[in-house]
1. Arranged from highest to lowest average of other beta-carbon atoms within 10 Å per residue, in what order do the peptides 154-161, 77-84, 311-318 appear?
2. Given an 8 Å cut-off on Cα distances and at least 6 residues of separation, report the relative contact order of the chain as a percent.
3. Let's test this: bin the Cα-Cα distances of the range 134-209 at 10 Å from zero up to the farthest pair and state each bin's percent.
4. What does DSSP give for the chain in terms of the percent of beta bridges that are antiparallel, rounded to the nearest 5?
5. Beyond 19 Å, what share of the Cα-Cα pairs of the range 208-325 remains, rounded to the nearest whole percent?
6. Tell me, in nm to one decimal, what length is gained between Arg315 and Phe386 on full extension, where the rule is 0.36 nm per residue of separation less the Cα-Cα distance?
7. Semi-axes, largest first, in whole Å: what does sqrt of 5 times each Cα gyration tensor eigenvalue give for the chain?
8. List, in the order given, every pair from Lys193/Lys332; Lys88/Lys278; Lys160/Lys347; Lys51/Lys288 whose Cα-Cα distance in the structure shown is over 28 Å.
Amino acid sequence: MRKMLLAVLSRVLQSPAAAAAAAAKKPASRVMVASRNYADFANEATFEIKKCDLHRLEEGPSTTTVMTREEGLQYYKTMQTIRRMELKADQLYKQKIIRGFCHLYDGQEACCVGIEAAIKPTDHLITAYRAHGFTYTRGVPIREILTELTGRKGGCAKGKGGSMHMYTKNFYGGNGIVGAQVPLGAGIALACKYFGKNEICMALYGDGAANQGQIFETFNMAALWKLPCIFVCENNRYGMGTSVERAAASTDYYRRGDFIPGLRVDGMDILCVREATKFAAEHCRSGKGPIVMELQTYRYHGHSMSDPGISYRTREEIQEVRSKSDPITLLKDRMVNNNLASIEELKDIDVAVRKEIEEAAQFATTDPEPPLEELCHHIYFNEPPFEVRGPNQWISYKSAS
């Protein structure tokens, strides 16, 4: 014990000159890592990706793709931001700062980031209630998302939408009614075609919603009218607490369109999602009509915050997915192994993301709640103010656009 204490003391009291001499004796590899600059990295790399399963298609997306260093860093930061945002939402919910429904997206980050990398800002997107990731990739700042979750005035829906109802330009929000956003998405695609715009609509739904009758009605209309719509089933293997095998006679969701072509994609690999979405988008833009895309993914949290998520699946199952298929880890390993980034550089991104999330959370918990007189604002857009009856006949509120 005495020898250990003397060794520690000698290192603490070591002179600057002695320290420099000791550093010079370190292995060359460690010194090189510390001195690397951006010129040392490759500008791009080529990757082999998993082949998609096809339905009514002779050819599918390419199984090789190129990712630049700049793209990789952006994908990594975006996915890490969504992951940290959802973990912060989990914490705020458990502190009872976020109330009501709250459906988290961690584990599925490759889906929204891969889709956004493949479409244009002028394209349209509508999804279900697990909407935080898409809200961010469509351009809403983290601070406005977290502030909306806490029901404060600075939220993207002025504190009135909460977890499921966030909107921005060309993003029609999360929708709380299971499957109801799919026919709405077809309507958006009809508008794109009607106005002659070279735009498409992504209509997303989960495996639990895939058995809804309105989805099959929508498939029929979209195929008849050749609507530029990509129907995306985010198959995270569980609809609420029911596994897909118990809920669906056929779990081949990419074939559910029958007469509509389909793709089944590895939804945990951002490059697979990106290339499949590019392929599907080109299919729609060329006038061939709709296409169905099934993204095989996984959610780490339960269905919502009221669901612990381990009564119908094991902790071991969740841990196995985390260890073998995590979308952020997969991207990180690809970038490091192909000299597109260093571990230290990615750690710096992690630190910056954590700082941004903490600052956003601080604002989200201190911003004032909207005043009661604004309760009935924004019922209609661009309409003259009118009175709305309150909880009894003696109380009324004024609606304003």
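1. 77-84, 154-161, 311-318
2. Reported relative contact order: 19 percent.
3. For the range 134-209, the binned pair fractions read 19, 42, 31, 8, 0 percent.
4. 40 percent
5. Here the long-distance tail beyond 19 Å is 52 percent of all Cα pairs in the range 208-325.
6. 20.2 nm
7. Result for the chain: semi-axes of 41, 30, 20 Å.
8. Flagged as over cut-off: Lys193/Lys332; Lys88/Lys278; Lys160/Lys347.
Only the coordinates and a few stated rules stand behind these numbers; no lab work does. Here the structure is a predicted model, which means the values were calculated and not measured. For neighbour counting, all protein chains shown are included, and Cβ atoms are generated from backbone atoms with ideal geometry for every residue, glycine included.
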